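Remarks on the structure that follows.
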Amino acid sequence: MRYAQSVVDLIGHTPLVKLGPLAADVAPLVLAKVEYVNPGGSVKDRIATRMITAAEESGALRPGGTIVEPTSGNTGVGLALVAQQRGYRCVFVCPDKVSEDKRNVLRAYGAEVVVCPTAVAPEDPQSYYSVSDRLVREIPGAWKPDQYSNPNNPRSHYETTGPEIWADTEGRITHFVTGVGTGGTISGTGRYLKEVSNGRVQVIGADPEGSVYSGGTGRPYLVEGVGEDFWPSAYDQSVADEIIAVSDAESFATTRRLAREEGLLVGGSCGMAVAAALQLAGRLTADDVVVVLLPDGGRGYLSKIFSDDWMSSYGFLSSDGEATVGDIVR
Ligand code: PMP
C-alpha cells in the first residue's frame, strides 16, 4: 500500500507544468512550479514545517506549546495544519481588513484568531504587531516563528524547492523567477540553484510597482503576499540578478489569463511572477529554460481578481470586459 503517514508528509514535491498559450510568443520553454497542490494550498506549508521542526529541535517550542504569529494568510494555514498534527495550539493575530472568509479558514483548522484594528500605528498597543508581541509574553510556552526574520524560512527552500527544480529540469534550468514577499523563496531557492549550477542559473525577482525591492518607496499596491515597505532579514540581497517591477493591472490581467487559458486558477502574485517571467523570456532564446514559481491558488481571490465588479472599480477592465494593461487590451 502507498500512503502518507500524515498530511505533513504531503508537503513539497510539487509539479512543473509547461505554459502553453501564455508563452506562445516567447522562445524559451517556460515551466510553472505549481505550489497550490501543497496540502495547505500554498508554498508556505514548506516554511511552516521547517520552522516548527527547527523550533522543536532548539527547544523554543515544547510539547503543548502555543504558536503565535501575526499572519492572516498562507503562512497561517501552513502553521495551523502542521501545529494541529503535532499537538500545538495556534493563535493568529490579523488586522480587521482581512476578510472573514480568510479568518474562517484558519479557524477551520482549529486555530484561534485575534482581530485588531487596521487604522492604528504599528506602535499603538492595539496594533496587530503590538498584540502579537504581548500574547507571546503573556501565554506560557508561546513561540513566535516570525517568518520575516526566521532563517528556517529561506532554509526550507534551499533544502526542498531548489533541489526539486534542479532534479525535475535535469539541471537544464537557466532562469528562476519568483515573487518576493518575505524574500524566503528567492533567497533559499535562488542560492541553491546558483550553488549547484556554479552560478550559471540567473535568479530574477518579481515585485509589485511601489515596493522597496524594485526601488519603490513602499507606496500601496493591490497584489497580495508580495512586496514590502521594509527590508526583512529573510531576504538575501546578494541572490537576485535582477528585479522586475510589475503593475497591479498587468499582474491581474495575467492572473486571469492563467485561469482561462492555462487552467491554472492561481493568486495575484502568480500572475505577477508570470508577467515578469514572460517579459524576461522575451529577451531569451530557445536554449533557455525558465522556471516560474506560482505560490498559491486562486480560490481566495474570487471576490477580487476574478470579480468583474471589483476589477472595474479599480479601472482594470475595459468596457468589453477584457482585463487591460495600460493601453493594451488582452
Ligand atoms: N505570494 C504569496 C501569495 C505569498 O503569500 C507570499 C508570501 N508572503 C509570496 C508570494 C512571497 O514569498 P516569500 O515570502 O517567500 O518571498
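The values are calculated or read from the model by the stated rules, or taken from the named source; none is laboratory data. Remember, predicted model here, so these are calculated numbers, not experimental data. Note: ideal-geometry Cβ built from the backbone for every residue, glycine included; neighbour counts use all protein chains shown.
Details
- Looking at Arg137, Arg191, just one residue is away from the ligand (no atom under 12 Å from the Cβ) and touching a His at 6+ places or on another chain (Cβ under 9 Å), and that residue is Arg191.
- Selection of first residues in the stretch 230-246 that are at pLDDT 95 or above and part of a strand (DSSP E or B) and of second residues that are surrounded by fewer than 20 Cβ atoms within 10 Å (Cβ to Cβ) and small (Gly, Ala, Ser), restricted to Cβ pairs under 7 Å at least 6 apart or on distinct chains, gives the following pairs, ordered by first then second residue: Ile243/Ser214; Ala245/Ser214.
- Checked against the criteria, Gln126 does not count as within 12 Å of the ligand (Cβ to nearest atom), in contact with a strand residue (DSSP E or B) (Cβ under 8 Å, 6 or more places away or on another chain) and assigned to a loop (DSSP other than H, G, I, E, B).
- Within the stretch 131-154, considering residues that are touching a helix residue (DSSP H, G or I) at 6+ places or on another chain (Cβ under 6 Å) and part of a helix (DSSP H, G or I), the one surrounded by the fewest Cβ atoms within 10 Å (Cβ to Cβ): Asn152
- None of Ser197, Ser132, Ser214 is among the small types (Gly, Ala, Ser), more than 23 Å from Lys33 (Cβ to Cβ) and either more than 16 Å from the chain's Cα centre (by Cα) or away from the ligand (no atom under 12 Å from the Cβ) (or both) except Ser132.
- Residue that is nearest to the ligand (Cβ to nearest atom), among those in the stretch 279-299 that are assigned to a helix (DSSP H, G or I) and surrounded by fewer than 21 Cβ atoms within 10 Å (Cβ to Cβ): Arg299
- Val177 being over 15 Å from the mean Cα position of the chain (by Cα), more than 9 Å from the ligand (Cβ to nearest atom) and touching a residue at least 12 places away in the same chain (Cβ under 8 Å): no
- Selection over the stretch 196-212 of residues that are among the acidic types (Asp, Glu) and crowded, with 22+ Cβ neighbours inside 10 Å gives a count of 1.
- Any hit, the stretch 164-171, residues being part of a helix (DSSP H, G or I), buried (at least 22 other Cβ atoms within 10 Å of the Cβ) and within 16 Å of the ligand (Cβ to nearest atom): yes
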